[in-house]
């Protein structure tokens, strides 16, 4: 984030702290998508993620007066709240589930090659299945690292742990995922997604 | 040869220092095992990045709906701060009734207390003690001199006015009367 947009966010936060609802709405619009994706990545459940988003923003706006921009970025602070709500949600719901119909919905519908769609869905299911098998702490670390590219320092702040611990969790998660995905490795390397990112 | 497994994830993320980056590169150039593991990490990172970036995004109507819910919660919180809690409200509603009851009960209590309160005198009879059966016995007098009635005496008075003697609870045994001869 450049300094100009940072300043704009600081202004919005200052206005929101004074109770300006337009500023609150602008902050919400800026952050609702990443917050939802974070919640979804951790919980792997659309309904739970929606509830977490609402809880997180409701809490954040009520507690906004306590937010100190000099201590942390607004995004990190918001992610910390979201992660805390995800943990609460997970405690109440021990076994997360994924609606397969939802997975199909996320896949691009305009793909002219149905066999590729099926292949992509297979890879996605495999990776999501492997993610679901991770312990909650390892999954949190992986999601924070990959869905928004947080640095280890930011991850440590959100997770409430030392930076080395955050690094270690990502490493452990990689080891587990690799073992889990070893059987499907060939399919992954062949590039079900076309592997433009690789 | 010291492997560099512990540095590979950070290497993939580009968070290593210049020295550590050079160490990983130098080692991977000569170690097939670490080279393979590095390729593995890079492959896995690419897949995770791709899969997680395709997590479902909320639709516009959902975003607007959530915002309405969040606003409603904010207003609820604001209203609950401005409005007294239900307990406070209930107490405030009951306060006039409590005061009225107090105003009615207090004079009555004072009248009763005044009626039975012993006047300052030198002799206080046992009539103020309810436990004593004074119907069949002459009152035993307790001489208290010129002192004011004690708190215990007053407490006994209140007890006497508040309680009703029950048959069978009297500590004084009833006189035994012999049944008439057949």
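The values are calculated or read from the model by the stated rules, or taken from the named source; none is laboratory data. This structure is a prediction, so every number in the text was calculated from the model and none was measured. In this analysis, Cβ positions are derived from the backbone assuming ideal geometry, glycine residues included, and neighbour counts consider all displayed protein chains.
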- Query: In segment A:64-79, which residues are at pLDDT below 90 and either facing chain B (nearest Cβ under 9 Å) or within 17 Å of the chain's Cα centre (by Cα) (or both)?
  - Reply: A:73
- Message: For segment B:58-101, give me the residue count where each residue is touching a helix residue (DSSP H, G or I) at 6+ places or on another chain (Cβ under 8 Å) and modelled with pLDDT of 85 or more.
- Response: 9
- Message: I'd like the full set of residues that are modelled with pLDDT of 60 or more and surrounded by fewer than 16 Cβ atoms within 10 Å (Cβ to Cβ), limited to segment A:88-100.
- Response: A:88, A:91, A:92, A:93
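The rows are residues; the columns are (1) over 30 Å from residue A:130 (Cβ atoms); (2) within 11 Å of chain B (Cβ to nearest Cβ); (3) under 12 Å from the mean Cα position of the chain (by Cα).
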residue: A:8; (1), (2), (3): yes, no, no
residue: A:24; (1), (2), (3): yes, yes, no
residue: A:41; (1), (2), (3): no, yes, yes
residue: A:49; (1), (2), (3): no, yes, yes
residue: A:62; (1), (2), (3): yes, yes, no
residue: A:82; (1), (2), (3): no, no, yes
- Could you list, in sequence order, all residues of segment A:129-164 that are out of contact with any helix residue (DSSP H, G or I) (no Cβ under 7 Å at 6 or more places or on another chain) and not in a loop (DSSP other than H, G, I, E, B)? A:129, A:132, A:164
- Matching residues, segment B:34-52, being facing chain A (nearest Cβ under 7 Å) and either under 15 Å from residue A:147 (Cα atoms) or free of Cβ contacts under 8 Å to residues at least 12 places away in the same chain (or both): B:40, B:43, B:44, B:46, B:47, B:48, B:49, B:50, B:51, B:52
- Search segment B:6-32 for residues being part of a helix (DSSP H, G or I) and under 28 Å from residue A:124 (Cα atoms), and hand back the single one that is farthest from the other protein chains (Cβ to nearest Cβ). B:11
- Query: Are any residues in segment A:35-48 under 21 Å from residue A:126 (Cβ atoms) and in contact with a helix residue (DSSP H, G or I) (Cβ under 7 Å, 6 or more places away or on another chain), and if so, which ones?
  - Reply: A:37, A:40, A:41, A:42, A:43, A:44, A:46
